[in-house]
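S.K.: To start, I am sharing the structure in question, which I have written as structure tokens.
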Amino acid sequence: QAVLDVIGSQCRVGDIVTAKIVNIQSYGVMIATDDGSEHLVHISQWVDTGNMEEVNQYEVGNHVELMCIGFLGENRPNFSRKAAVWQLSNDPEDRARLRLMLDS
């Protein structure tokens, strides 16, 4: 699936987007999308383990791929780093976890 350069109402569940990290906190990562909007990716959607050591390998300014997994309110996308990793993986277990996440 192609990586999108648009966000908001044009973002669909399952779309992969590239975003820039603007802040890293113990509870999650703030990212900025190409349209200039900022979004929090909760730690539980960043890594499977919730382990900050995995998050700390990233730095402010890095670009990462995320998946839109739903919406918060009308047009506020909810993003997941781990879902994007699962989508891009060839591991059948990762793909099964992704299907479960998107179906719930």
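S.K.: Return the residue satisfying two criteria in turn: it lies in segment 32-46 and is in contact with a strand residue (DSSP E or B) (Cβ under 6 Å, 6 or more places away or on another chain) and farther than 14 Å from residue 69 by Cβ, and of such residues it is most open to solvent (accessible area, probe 1.4 Å).
M.R.: 38
S.K.: If you don't mind, there's one more thing I want to ask. Please list, ordered by first then second residue, the pairs with beta carbon atoms under 8 Å, 6 or more apart or interchain, first in segment 90-104 and within 11 Å of residue 70 (Cα to Cα), second buried (at least 16 other Cβ atoms within 10 Å of the Cβ) and not small (Gly, Ala, Ser).
M.R.: Here the result reads 101/69; 101/86; 102/69, each pair linking segment 90-104 to a residue that is buried (at least 16 other Cβ atoms within 10 Å of the Cβ) and not small (Gly, Ala, Ser).
S.K.: Do you know which residues across segment 74-92 are in a helix (DSSP H, G or I) and either open to solvent by 40 Å² or more (accessible area, probe 1.4 Å) or under 16 Å from residue 31 (Cα atoms) (or both)?
M.R.: Start the filter on segment 74-92 by keeping residues that are in a helix (DSSP H, G or I), which leaves 81-88, 92.
81, 82, 83, 84, 85, 87, 88, 92 - these are the residues of segment 74-92 that are in a helix (DSSP H, G or I) and either open to solvent by 40 Å² or more (accessible area, probe 1.4 Å) or under 16 Å from residue 31 (Cα atoms) (or both).
S.K.: If you take the residues of segment 56-73 that are in a strand (DSSP E or B) and open to solvent by 30 Å² or more (accessible area, probe 1.4 Å), which of them is nearest to residue 22 (Cα to Cα)?
M.R.: As a first pass, look at segment 56-73 and keep what is in a strand (DSSP E or B): 63-72.
Narrowing further to those that are open to solvent by 30 Å² or more (accessible area, probe 1.4 Å): 63, 65, 69, 71-72.
On the way: 63: 10, 65: 14, 69: 20, 71: 21, 72: 20 Å.
Top of the filtered list is 63.
The values are calculated or read from the model by the stated rules, or taken from the named source; none is laboratory data. The model shown is predicted, which means the values in this text are computed figures rather than measured ones. Note that each Cβ is placed from the backbone with ideal geometry, even for glycine, and that neighbours are counted across all protein chains shown. Note: areas computed on protein heavy atoms with side chains; ligands, DNA, RNA excluded. Shrake-Rupley method; radii C 1.70, N 1.55, O 1.52, S 1.80 Å.
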